[in-house]
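Read the structure below first, then the notes.
The values are calculated or read from the model by the stated rules, or taken from the named source; none is laboratory data. Not measured: the values here are computed from a predicted model. A quick note on method: Cβ atoms are made from the backbone with ideal geometry, for glycine too, and the neighbour counts reach across all protein chains shown. When the accessible area is computed, the model is the full protein with side chains, heavy atoms only, and any ligands, DNA or RNA have been set aside. Shrake-Rupley method; radii C 1.70, N 1.55, O 1.52, S 1.80 Å.
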There are 2 protein chains.
Amino acid sequence: MSFTTSEENYIKGIFHLQQETGLVNTNSLAAEMQTRPASVTDMLKKLKSKKLLQYEKYKGFKLNEAGKKAALDVVRKHRLWEFFLVEKLKFDWDKVHPIAEELEHISSEELVQRLDNFLGNPSFDPHGDPIPDKNGKIPVIKQQSLSEIPFKKNVTVSSVGNQTAQMLDMLKHYNIAIGTQLTILKKFEFDGSLEIKVSKQNACIISEQVAKNVFVHDV
Amino acid sequence: MSFTTSEENYIKGIFHLQQETGLVNTNSLAAEMQTRPASVTDMLKKLKSKKLLQYEKYKGFKLNEAGKKAALDVVRKHRLWEFFLVEKLKFDWDKVHPIAEELEHISSEELVQRLDNFLGNPSFDPHGDPIPDKNGKIPVIKQQSLSEIPFKKNVTVSSVGNQTAQMLDMLKHYNIAIGTQLTILKKFEFDGSLEIKVSKQNACIISEQVAKNVFVHDV
DNA sequence: AATAAAATTTAGACAAAACTAAAAATATTA
DNA sequence: TAATATTTTTAGTTTTGTCTAAATTTTATT
């Protein structure tokens, strides 16, 4: 089964929302896709006819197994291309998303498989998000928010919660990226901010809000 | 100025035809694009309104300077991606065309420039066709058909005239690719076929028709 | 429970890119 | 040159994906 770019984008959008909420509703998908509720209804009928959705009028909807597999295929392509752009073409990690949004719709299966091998079958993209394998299996690592880590423990940054341009820009200033090693030196009770050591640089202070959105795992 | 995938494909098709015939006509472009003459007329109006064409009803058409630059941009992207697919992802050179047809429409200029650098700024793609630089400048080498080369002279394959799947399949059997070194051992007057030595392999015989479509340059 | 508000769907329209069939312009040839 | 054939364009339709406005269904509030 193959899909249009528009279908793939909707599938991805539904997948994203249903991971948080289970059932998805029309308005929230319209917001996610930056489109109108009526357009969402149109596409839902199409995806239902392709047997990718459980959907009943007015009752909400979610992807079935076929739909989830289709979503994971797109996510896989997106994240592999992001990895390529950062690791091979040396893009800044906060610049690659819109380009990967285009590349993810290239259809060749063999291309994806060869790209995966060329990149060394990576498990995580440059934002720390897991890359599904060709069967849709997602690698897991146990990770905690930086705000829950005890003092002096060495940890590695594994992903970022709030992947806005603003957040990524901020982390770039702190020299924090996926794979960066951190240690917490002190917590300021006043506002919850943390003094941390980033790799081998001087110590610096990050807000509690930032700390909550930085996820880490053991070294 | 940016273009839709469809516009880019038409621009490329016109560019291809006008290199041989100067002025292009509606029917031949329809054949090239595997579409209907009426669809060609529709698109010509659009491209004319975007000031990419000289076009008068019933009189034929050709790209102006802006149109040619647009065509060269697409050709550049196509050939850089083909190079990537063969050199980095290890695709057979006769399998990459349809994938590059998709990749050539990815819009990021920075992507193309970084890809070019990543690949080492190659001058020729895996079929031996020249890769325009970012200003649209095309590298040239003087090349001759294999059928015009004297005996015993060492030459390198630089491109292939008839890039059909059938031809590329045939050359693969002979172990001939771009960059392969050849020497002509004997010409059979009976049908014009040639006995040649391919790299360090045993001698073999190719038809006159094949020889005419294999272009070579000095070692 | 009745009514108001919100969410969702339907109906109808539009734009892009294609198509078919018919008309118009150009080219060929008898 | 008149008749015929070919090429090209126009006119009108189709498909995909979108939209607005209106109607319908569900949910929330007195």
**Asked** When you go through (1) more than 14 Å from DNA strand C (Cβ to nearest atom); (2) open to solvent by 80 Å² or more (accessible area, probe 1.4 Å) one by one for B:V86, which number turns out not to apply?
**Response** (2)
**Message:** Would you confirm whether or not region A:134-145 contains a residue that is without any contact (Cβ under 8 Å) to a residue 12 or more places away in the chain, among the β-branched types (V, I, T) and away from chain B (no Cβ under 14 Å)?
**Reply:** yes
**Prompt:** Taking region B:2-35 only, how many residues are surrounded by 12 or more Cβ atoms within 10 Å (Cβ to Cβ), more than 19 Å from the chain's Cα centre (by Cα) and free of Cβ contacts under 8 Å to residues at least 12 places away in the same chain?
**Reply:** 2
**Asked** Does A:E104 satisfy the criteria of being within 16 Å of DNA strand D (Cβ to nearest atom) and within 14 Å of chain B (Cβ to nearest Cβ)?
**Response** yes
**Residue that is nearest to A:T21 (Cα to Cα) [pool: residues in region A:43-62 that are within 13 Å of DNA strand D (Cβ to nearest atom) and loosely packed, with under 14 Cβ neighbours inside 10 Å]** = A:K59
**Prompt:** Out of A:L168, A:L194, A:L185, which single residue is surrounded by 13 or more Cβ atoms within 10 Å (Cβ to Cβ), more than 23 Å from A:D116 (Cβ to Cβ) and modelled with pLDDT under 90?
**Reply:** A:L168
**Prompt:** Considering only residues of region A:63-82 that are more than 14 Å from every other protein chain (Cβ to nearest Cβ) and hydrophobic (A, V, I, L, M, F, W, C), which is most open to solvent (accessible area, probe 1.4 Å)?
**Reply:** A:A66
**Asked** Pick from A:D116, A:D125: which is touching a Phe, Trp or Tyr at 6+ places or on another chain (Cβ under 6 Å), open to solvent by less than 20 Å² (accessible area, probe 1.4 Å) and not assigned by TED's automatic domain parsing to the domain that holds A:M43?
**Response** A:D125
